[in-house]
Amino acid sequence: MGNLPLHGATGAEIAGFVPHRPVRPEKSEGGKRFELVSEYEPAGDQPTAIRELVEAARANERDQVLLGVTGSGKTFTMAKVIETLQRPALILAPNKTLAAQLYAEMKSFFPHNAVEYFVSYYDYYQPEAYI
């Protein structure tokens, strides 16, 4: 990664600034490999999606989107990407029902790995009457 211009409080450019980006360590020998257990094989658009998501992740692309209709195999595609990259993942869901479904599917795909589930019970919506 090359030098990026950084401007101080006065607006003057600080020469030679290089942002810190830690090097990701290789998986240690004692670590458990992500092993996907499934009868399914990638089909249709899945092989292309898996390949493109993996390539982008290896190129340090931070933001990616996987779109598909209900039942198209998005969760399986994510699991294949996790297995291929051998990197843990944080999966966010917009509601408790989908979070529980994703947890159950990932737990079945990775029965020999840790799959954790957390749901916040924080009520983020407050009508104006309560403010």
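The numbers here are math on the coordinates, done by the rules we state, and not lab data. What you are looking at is a predicted structure, and each value in this text was computed from that prediction instead of being measured. Neighbour counts are summed over all protein chains in view; Cβ atoms, including those assigned to glycine, are modelled from backbone coordinates with ideal geometry.
On a full-extension model of 0.36 nm per residue, what is the gain between residue 40 and residue 112, subtracting their alpha-carbon distance, rounded to one decimal in nm?
Once the chain is fully extended between residue 40 and residue 112, it gains 24.2 nm.
Under a cut-off of 18 Å between alpha-carbon atoms, report the lysines in cross-link reach of residue 32, not counting same-chain residues fewer than 8 places apart.
Reachable lysines: 80, 107.
If I model a spin label at residue 23 and residue 98 as a point 7 Å from the Cα along the Cα→Cβ vector, what separation in nanometres do I get?
The answer from the label model is 3.9 nm.
Assuming 0.36 nm per residue, please report the length gained on full extension of the stretch residue 48 to residue 85 beyond their Cα-Cα distance.
11.8 nm
Looking at 71, 90, 112, which one has the Cα that reaches farthest to the positive end of the dipole of the range 34-116 (charges on Cβ: Lys, Arg +1; Asp, Glu -1)?
The residue sitting most towards the positive pole is 90.
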